[in-house]
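The values are calculated or read from the model by the stated rules, or taken from the named source; none is laboratory data. Predicted model, so just to flag it, every value in this text is computed and none were measured. Glycine gets a Cβ as well: all are built from the backbone with ideal geometry, and neighbour counts include every protein chain shown. For accessibility, only protein heavy atoms count, side chains too; no ligands or nucleic acids. Shrake-Rupley method; radii C 1.70, N 1.55, O 1.52, S 1.80 Å.
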Amino acid sequence: MNFTLSNEHKLIQDSAREFAQSELLPGVIERDENKEFPTSQIKKMAEMGFLGMMVSPKFGGGGMDTISYILAMEEISKVDASCSVIMSVNNSLVCWGIEKYGNKHQKEKYLHDLATGKIIGAFCLSEPEAGSDATSQKTTAIDKGDYYLLNGTKNWITNGNSASVYLVIAQTDIEKGHKGINAFIVDKNTPGVSIGPKENKLGIRSSDTTSIMFSDVKVPKENRIGEDGFGFKFAMKTLEGGRIGIAAQALGIASGAYELSLKYAQERKAFGKEIYKHQAISFKLADMATEIDCGRLLCLKAGWQKDNGIDYALSGSMAKLYCAEKAMRITTEAVQIHGGYGFVKEYHVERLMRDAKITQIYEGTSEIQKIVISRSILK
Ligand code: CAA
């Protein structure tokens, strides 16, 4: 077993770190405050190859492994988790889903533009009444011969407004339950597609999260992904990888808060000495460092398993559960270490604390991860 990163991995980590510090840090507080979509930042991320890292170079991607993706996600998330969720959804849900399960025509039509970041995509599974209970899809896609007629509403869709392409999960045969679910690639400009207002969120405020309404949308048959009835498995398999991305995002949010706390604790004085010299603070830092290391190892294990063709559903869920829970705890502690300064925006940690919360919710809540983990260990 070797815990050392390769030179190539270190290079990716360093360039993501430098990029985040120089391009994402300026204006991050204002973008959060104003719910401003990071248009120019995402364009630069696309130029850096961060939007299609694992896609094959023949489709315009970086051809990198999941370890590289995790390392980059952590560095981007330390600074701007809104940018990293946009990156994560595009990489691990949309690009991966199409590359893995799409047919030749779908890959040729969509993948190059998505992998190069010319356009971005969104993953539309959640509904007003189907979040955790994902088999209860109310959106329908009725087979009309040459096309499916899509009707329904999707909720809390990351990249809802900024995406040009949606992966939409819908019920095609209610009698068949989850076996009657399909996944479709839907162009945003198809007649009948409309987008709700940008949600006013607690965290990741500059990413755009919207509902999307489909009213008699004609989806060509050729846009269905996989065999008839494959849609639920498509969603589950895609989310398995997505959860590694969100675990890395949570890890980055936590390590960003930790690094700020470490610095602050060495500068700030109280009772005649730097606060890190008080055990109350140094023990907090020790716990944070330990938990971050554990989380990173879980992420890298899941990524390594994915890269080596080993089932990663369990390790991905463990990584997501652990990193999300620790991100919430660590960012809260970071605010505590910063005291009154932590409660104001200039010091970044309050934003990281708000951003951490969503990692316990999206791509499967912590409770859903426990279902996946317990089923896996008990089967
Ligand atoms: N891989 C392949 N197949 C899977 C699977 C997996 N990981 N998980 C389940 N399945 C299959 C099962 O084998 C079963 O098929 P068979 O009957 O043929 O065996 C079928 O799917 C149904 O599975 P279950 O009976 O286990 O279904 P369930 O109703 O008990 O729920 C669940 C399973 C794990 C709770 C699932 O509903 C789930 O993951 N829910 C959370 C959904 C989620 O993560 N939503 C996130 C939204 S996307 C998002 O957040 C993106 C964003 O914008 C950031």
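What to note about this one:
- Across region 53-187, the mean sequence separation of Cα contacts (distance under 8 Å, 6 or more residues apart), normalised by length, yields a relative contact order of 19 percent.
- Relative contact order for the chain: 16 percent, from Cα pairs under 8 Å spaced at least 6 residues apart, divided by residue count.
- Rounded to the nearest 10 degrees, the inclination of helix 366-378 to the longest alpha-carbon principal axis of the chain is 80 degrees.
- Segments 261-273, 116-128 sorted - mean Cβ within 10 Å per residue, highest first: 116-128, 261-273
- Computed on protein heavy atoms with a 1.4 Å probe, the accessible areas place Arg31, Arg224 in the order Arg224, Arg31, largest first.
- Remark: region 36-45, residue by residue, has Karplus-estimated 3J(HN,Hα) of 8, 4, x, 4, 6, 5, 5, 4, 5, 4 Hz, where x stands for each Gly or Pro and the curve is 6.51 cos²θ - 1.76 cosθ + 1.60 at θ = phi - 60°.
- Backbone HN-Hα couplings from phi across region 212-227 [Karplus 6.51/-1.76/1.60, Hz, Gly and Pro as x]: 10, 10, 10, 10, 6, 7, 8, 9, x, 3, 5, 8, 6, 8, x, 5
- With every protein chain in place and a 1.4 angstrom probe, the accessible-area ranking of Glu199, Glu75, Glu333, largest first, reads Glu199, Glu333, Glu75.
- Spacing of the modelled spin labels on Leu297 and Asp133, each 7 Å from Cα toward Cβ, amounts to 3.9 nm.
- Counted residue by residue at 0.36 nm each, then reduced by the alpha carbon distance between them, the extension gain from Ser374 to Ile310 reaches 21.2 nm.
- Per-residue SASA remark: Lys218, around 120 Å² accessible (1.4 Å probe; ligands, DNA and RNA not included).
- Computed magnitude of the charge dipole of the chain (debye, nearest 20; Cβ of K, R +1, Cβ of D, E -1): 320 debye
- Here the Gaussian network model covers the chain, with springs between Cα atoms less than 10 Å apart; of Phe59, Phe184, Phe343, Phe343 fluctuates the most.
- Cut-off 19 Å (backbone N to label point 7 Å along Cα→Cβ of Met1), residues of region 275-314: 290-314
- Solvent-accessible area per residue in the chain equals 44 Å², computed with a 1.4 angstrom probe and all protein chains kept.
- Of the solvent-accessible surface of the chain, computed with a 1.4 Å probe over protein heavy atoms with every protein chain present, carbon and sulfur atoms account for 54 percent.
- Sum of side-chain charges, Thr139 neighbourhood, beta-carbon under 9 Å (Lys, Arg +1; Asp, Glu -1): +1
- Here the Karplus curve 6.51 cos²θ - 1.76 cosθ + 1.60, taken at θ = phi - 60°, turns the phi angles of region 261-272 into couplings of 5, 4, 5, 4, 5, 8, 9, 6, 10, 8, 6, x Hz, with x standing for Gly and Pro.
- Computed over region 157-231, relative contact order equals 40 percent, with contacts defined as Cα pairs under 8 Å that lie 6+ residues apart.
- Taking 0.36 nm per residue of separation and subtracting the Cα-Cα distance, full extension of the segment from Ser164 to Ser194 would add 9.6 nm.
- Only lysines eight or more places from Lys273 in sequence, or on another chain, were considered; those with a Cα closer than 18 Å are Lys263, Lys284.
- Equivalent ellipsoid dimensions for region 1-96 as semi-axes, Å, which come from the Cα gyration tensor, largest first: 23, 16, 11
- Every helix of 4 or more DSSP H residues in the chain counts as -39500 (n - 2.57), and over all residues that averages to -15000 deg cm²/dmol at 222 nm.
- Angle of helix 7-19 to the longest C-alpha principal axis of the chain, folded into 0 to 90 degrees and rounded to 10: 80°.
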